[in-house]
Number of protein chains: 2
Amino acid sequence: MNGAEAFIQTLKLCGVEVCFANPGTSEMQLVAAIDQTPGMRAILGLFEGVVTGAADGYGRMADKPAVTLLHLGPGLGNGLANLHNARRAGSPVINMVGDHATYHLHYNAPLTSDAAGVARPMSDWVRVSQSERDLAQAGAEAFAVAQSYPGKIATVIVPADHAWTEGSAAVAPPTLPAPAQVPAEAIAQAAAALREVDGPKCLFLGGRALREDALVQAGRIAAATGARLVCETFATRHQRGAGRVAVEKLPYFGEMAEAYLADFKAIVFVGTEPPVSFFAYPGKPSFLSPPGAALVRMASLREDALGALTGLADTLGAPPEPALVQAPTRFPAEDGRLNSANLGAILAELLPENCIVSDESATSGGAAFAMCAGAAQHDWLQLTGGAIGQGLPLAVGAAVACPDRKVIALQADGSGMYTNQALWTMAREQLDVTTILLNNGSYAILNIELMRVGVQNPGPKALSMLDLKHPEINWAEISTGMGVPAVRVSTAEEFRAALADALAAKGPRLIEALL
Amino acid sequence: MNGAEAFIQTLKLCGVEVCFANPGTSEMQLVAAIDQTPGMRAILGLFEGVVTGAADGYGRMADKPAVTLLHLGPGLGNGLANLHNARRAGSPVINMVGDHATYHLHYNAPLTSDAAGVARPMSDWVRVSQSERDLAQAGAEAFAVAQSYPGKIATVIVPADHAWTEGSAAVAPPTLPAPAQVPAEAIAQAAAALREVDGPKCLFLGGRALREDALVQAGRIAAATGARLVCETFATRHQRGAGRVAVEKLPYFGEMAEAYLADFKAIVFVGTEPPVSFFAYPGKPSFLSPPGAALVRMASLREDALGALTGLADTLGAPPEPALVQAPTRFPAEDGRLNSANLGAILAELLPENCIVSDESATSGGAAFAMCAGAAQHDWLQLTGGAIGQGLPLAVGAAVACPDRKVIALQADGSGMYTNQALWTMAREQLDVTTILLNNGSYAILNIELMRVGVQNPGPKALSMLDLKHPEINWAEISTGMGVPAVRVSTAEEFRAALADALAAKGPRLIEALL
């Protein structure tokens, strides 16, 4: 078999089942190899940011990698922003990036670029295939890297001649190591801090510590120590809802986050590092934990969060039943003009059991997150790396990974525009995604940030750079143009009816919420 | 003044007048500085590929740089593909890329990335500001680099604290060197080849050799020697039409290009290098010029093409009047079902004098290019780097640079989807762009390429990765959703009426041509 076939078959042997693809000429042998490999699904995205964001969503929900198919350095470039987000999420992703044939590179044809150089800033691992046989080996190595707990970004550059040359063969899947366990000393330090420090204490949770099983252990620790449970502002995958252990969310703005943490005398970090301000601001601190508090880094993102929390709960002699179990809650939704409050209340009320929420709602969505705390159980996925344009592609990937679960994309307008092409893939694959497009006609967050960095009295030119109203974007038209049925709503009653309708059906829908 | 103000004022002193922007929080001081600088126009793009592609189009038409405003490494990543194209075009572009404050970087906040590492593969020059005063100096240096003949990509990374710190000042514009002249020896070699070699000869033209003034000199050389004039397949800016010196176009596919060049015994290259195959294919050559022919590289892209051609014409004692002056031509347009032939004929017939065509028409547009050869005079801009998604942003930039000229975007559907957000900027700025969207529901070129790389009998999965029909994209809906009035046409008569209507009016329009 040729190198492309050996590569794809190796990935298949590893358990990779999905390829999110945007191929070009230099990837035609890879296209043919996918074509010939039963059990390897090919899903076309009409822009590479859709492809990489979908791989992130798939990885978060499947806990194993999809493979992307990208066209040389520029195609990979288009996918970098969502690879950045995926990397920050600790998602498993394998990229296969076609490149010119090795002997063709030095001719400097128009599409020639330093593909490995483009890959490096947003990859954990980059490997250029050295031959048609090495290509399959690179695939197996990429799988092992991608599956490093909880997940990494592994990029293989595939010269076209390695893909088309005969004489290769699939290689056996690698043995995957278990997640790194935290040392007993770290658990003992955490136990000591929670037992011995006077005053308010918390567990600060991120990464895999926000999965249901880990949260049960965190809840046991809370029961034993009275510690509060707080989580990072942007979570990869937060399993929540009525009956699960509830976690407070650190506020976004640095000064609010600092004030939120100020009273804690001990903080134990699990699955994440001590939080820092998202951006720097003149005269404001970057590091947010209170000076003088005992800060115990019990488990990093790359260490076994469940094991660490279980070990800590047992060390503390915690009871088997967790504290802080979330009761079902309901919020009244005021009729009339739609706003983020009644939208959030209605969403929480109608949220389907076991659904997945892809949240890139920015300023319009905070109420929805808070109000869904006591809704039906769900997974809440967020923008982990701050590179906007993630929400719709993430929903695509989550829906591919979990075809039996309803996916709700809670999407702001400004960020939605970056990767609007995701709607077409939802239509093509008839993915069960309901997109709630929050149209406020503005990069609203930037109007706030302009003030926060100290800009007084911005003029019309500055404000025009933050405004999406001239002209107004009609998302319903864009959506139907790409094959996703859409409605526009501007009252709570209309939103409730449209959401109920969308959730009762299977397949993609878009509800444009005019806020 | 603060560093941002000094930087923007320095660019203004250099003559930079336009900023294509997609800012975020870390760029708010730059936004404020632009706001306060009269004569610096800010144009918002809703995706960074629009921003960088517009800067390319502006640079090609204005022969001076616009500045882009991009948000950290991921925002720059989104703009890389069109920077690749701009670099291949030899366009002048300055990028200003915001980054975290220097002291904030080591905290590894979510949006932290290696911005300079992202910039390097698609920039000719990358510079990280070292202080608030150095930032202005970096601006002046970037301008000098961007204006290196014919143009380069200069990227400045702007840490937020350098932007907001007071105590800086604008610096004086640099003195720009004249374009590098070719050595007399190169001209003598070219003259000798054209005089002494027996058999067919040609000038092979690219870069600035395709401007009207240089073509007059090429036409003089043709008159003196009988040499044919051939140009590169994808030209940055080709000035053509009735009354101008006509140039033949090298075919795209390698084997056709090789056959096209096979009979030449001498080829003189001006403004470009000997052509190579766009992609490699198994068993097909990369280098396309005939073995045994005399190949004279008289002027590279970076050497003065006009000076070289004038010198060669004078050396040859060429007559003052050029040969190969294009006569007006007209092609009959068959009525009925719209296809690329009658579309091209109608476009050629109605093409407005002195218009600009942004051509990313791929398989559907070849007839239009050929048929416009003898149409009213125009500038034809092409996809120089092969990274698709350039056409609509390029039209934005050309229209900003030349507000008194009609711009026609001849845009294929697959590539148009990458940067469809450009339509919104056309609407916001009321740019005089008529987009002809060629909807054939396919990555048609890839169906051809799949065969050419040797894939026999592709299965449904392979074909699905090249197909845009399921679902069909309704570009008219997408366009009106972004504020650009649109019509769909499927016959020659409808197309003629829609085009005449669009050309008679000012402002953005989209004609969706169903092929």
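Here, each number is a calculation from the coordinates, and none is a lab measurement. Quick caveat: nothing in here was measured; it's all calculated off a predicted structure. Quick reminder, even Gly has a Cβ in these numbers, built from the backbone with ideal geometry, and neighbours come from all protein chains shown.
Taking every residue in B:41-47 and counting other chain Cβ atoms within 10 Å of its Cβ, the average works out to 5.
With the convex hull constructed from alpha-carbon coordinates only, region A:97-217 shows a mean projected area of 11.6 nm² over all directions.
Inter-copy label distances at A:Ala370, shortest first and taken from points set 7 Å along Cα to Cβ: 6.6 nm. About the centre of its Cα atoms, region B:431-515 shows a dipole size close to 160 debye [charges on the beta carbon of Lys, Arg (+1) and Asp, Glu (-1) only; nearest 20 debye]. Using a 7 Å projection from Cα along Cα-to-Cβ, the label point at A:Ser490 is separated from the same position in the remaining copies by 3.4 nm, smallest value first.
Helical content alone sets the calculated 222 nm signal of chain B at -11000 deg cm²/dmol, taking -39,500 (n - 2.57) per DSSP H segment of four or more residues and averaging over every residue. So what does the Cα-only Debye profile of region B:340-514 read at q = 0.18 Å⁻¹, as log10 I(q)/I(0), no solvent term? For the requested q values the scattering log ratios are -1.13. Which percent, nearest 5, of DSSP beta bridges in the protein assembly as shown are antiparallel? Taking every DSSP beta bridge with both residues in the protein assembly as shown, the antiparallel ones total about 10 percent.
Bridge orientation summary for chain A: considering DSSP beta bridges with both residues in this region, about 10 percent are antiparallel. Eigen-decomposition of the gyration tensor built on the alpha-carbon atoms of the protein assembly as shown gives equivalent ellipsoid semi-axes of 51, 30, 28 angstrom, largest listed first. From a point 7 Å beyond the Cα of A:Ala370 in the direction of its Cβ, which residues of region A:444-475 have a backbone N at a distance under 14 Å? No residues fall inside that zone. Along chain B, counting only trypsin sites (Lys or Arg not before Pro) with a DSSP assignment other than H, G, I, E or B and at most 13 other Cβ atoms inside a 10 Å radius, the longest segment between sites is B:1-329. Placing a label point 7 Å from Cα along the Cα-to-Cβ axis, B:Gln181 is separated from the same position in the other copies by 7.8 nm, shortest listed first.
Take A:257-263, A:433-439, B:388-394, A:212-218 and order them by the average number of nearby Cβ atoms within 10 Å per residue, most first; the result is B:388-394, A:433-439, A:212-218, A:257-263. Computed from the Cβ-Cβ distance with R0 of 56 Å, the FRET efficiency linking B:Asn354 to A:Met256 stands at 0.50.
Between B:Gln130 and A:Glu494, the FRET efficiency estimated from the beta carbon spacing at R0 = 41 angstrom works out to 0.15.
Eigenvalues of the alpha-carbon gyration tensor of region A:25-67, scaled by 5 and square-rooted, set the equivalent ellipsoid semi-axes at 20, 14, 7 angstrom, largest first. Coupling constants for region B:491-498 follow from the phi torsions by the Karplus curve (6.51 cos²θ - 1.76 cosθ + 1.60, θ = phi - 60°), and in residue order they are 10, 4, 5, 5, 5, 4, 5, 5 Hz; glycine and proline get x. The mean number of Cβ atoms from other chains found within 10 Å of a Cβ in peptide B:94-106 is 2, as a whole number. Going by neighbour counts of Cβ atoms within 10 Å, the residues B:Val197, A:Val357 line up, fewest first, as B:Val197, A:Val357. Each of B:Ala55, B:Tyr260, B:Ser26 was placed along the dipole of chain B (beta-carbon charges, centred on the mean Cα), and the one lying farthest toward the positive end is B:Tyr260.
Cross-link reach is defined here as a Cα-Cα straight distance under 16 Å, omitting same-chain residues fewer than 8 places apart; for B:Lys406 the aspartates and glutamates meeting it are B:Glu349, B:Glu353, B:Asp359, B:Asp379, B:Glu429, B:Asp432, B:Asp501. Projecting the Cα atoms of B:Tyr103, B:Pro319, B:Gln421 onto the charge dipole of chain B, computed from C-beta unit charges around the Cα centre, puts B:Pro319 farthest toward the positive end.
Straight Cα distances below 16 angstrom link A:Lys12 to the aspartates and glutamates A:Asp35, A:Asp63, A:Glu141, with same-chain residues fewer than 8 positions distant left out. For chain A, what does the relative contact order come out to in percent, with C-alpha contacts under 8 Å and a separation of six or more? Relative contact order for chain A comes out at 14 percent.
Rounded to the nearest 20 debye, the dipole magnitude of the protein assembly as shown is 260 debye, with +1 charges on Lys and Arg beta carbons, -1 on Asp and Glu beta carbons, and the Cα centre as origin.
Mind scanning A:Lys469/B:Lys506; B:Lys152/B:Lys265; A:Lys461/B:Lys249 and naming the pairs with a C-alpha gap bigger than 32 Å? Pairs exceeding 32 Å: B:Lys152/B:Lys265; A:Lys461/B:Lys249. The orientation-averaged shadow of the Cα convex hull for region B:24-95, equal to a quarter of the hull surface, comes to 4.6 nm².
Where the alpha-carbon atoms of region A:69-110 are placed on the principal axes, they occupy 38, 15, 13 Å, in descending order.
Dipole magnitude for region B:38-173: computed about the Cα centre from +1 point charges on Lys and Arg Cβ and -1 point charges on Asp and Glu Cβ, it is near 460 debye.
Among the residues of B:271-283, the average count of other protein chain beta-carbon atoms within 10 Å of the residue beta-carbon is 5. Stokes-Einstein diffusion for region A:309-413, with the hydrodynamic radius set to the Kirkwood value over Cα pairs and evaluated at 4 °C in a medium of 1.567 mPa s, equals 84 µm²/s. Full extension of the chain between A:Ala188 and A:Asp335 yields a length gain of 47.6 nm, computed as 0.36 nm times the residue separation minus the alpha carbon distance. With 10 Å bins beginning at zero, the pair-distance distribution over Cα atoms of region A:1-150 amounts to 12, 46, 36, 5, 0 %. Shape descriptor for region B:435-515: Rg over Rh equals 1.12 (Cα atoms; Rh from the Kirkwood inverse mean 1/r).
Cross-link reach is defined here as a Cα-Cα straight distance under 18 Å, omitting same-chain residues fewer than 8 places apart; for B:Lys284 the aspartates and glutamates meeting it are A:Glu27, A:Asp99, A:Asp161, A:Glu166, B:Glu255, B:Glu258, B:Glu449. Per the Debye calculation on chain A with a single equal scatterer at every Cα and no solvent contribution, log₁₀ I(q)/I(0) for q = 0.10, 0.11 Å⁻¹ amounts to -0.82, -0.98.
Each listed q (0.12, 0.16 Å⁻¹) maps to a log10 I(q)/I(0) for region A:184-315, found by the Debye formula over equal Cα scatterers with no solvent: -0.41, -0.73. Of all DSSP beta bridges confined to region B:184-315, the antiparallel ones make up roughly 5%. Remark: region A:65-81, residue by residue, has Karplus-estimated 3J(HN,Hα) of x, 8, 10, 9, 10, 10, 9, 6, x, x, x, 4, x, 4, x, 4, 4 Hz, where x stands for each Gly or Pro and the curve is 6.51 cos²θ - 1.76 cosθ + 1.60 at θ = phi - 60°.
Computed on the Cα atoms alone, the convex hull of region B:226-302 gives a volume of 109 cubic angstrom per residue. With N counted as the residues of region A:416-479, its alpha-carbon radius of gyration over 2.2 N^0.38 Å works out to 1.46. Calculated FRET efficiency, B:Glu196 to A:Ala172, Cβ-Cβ distance, R0 = 60 Å: about 0.40 to the nearest 0.05.
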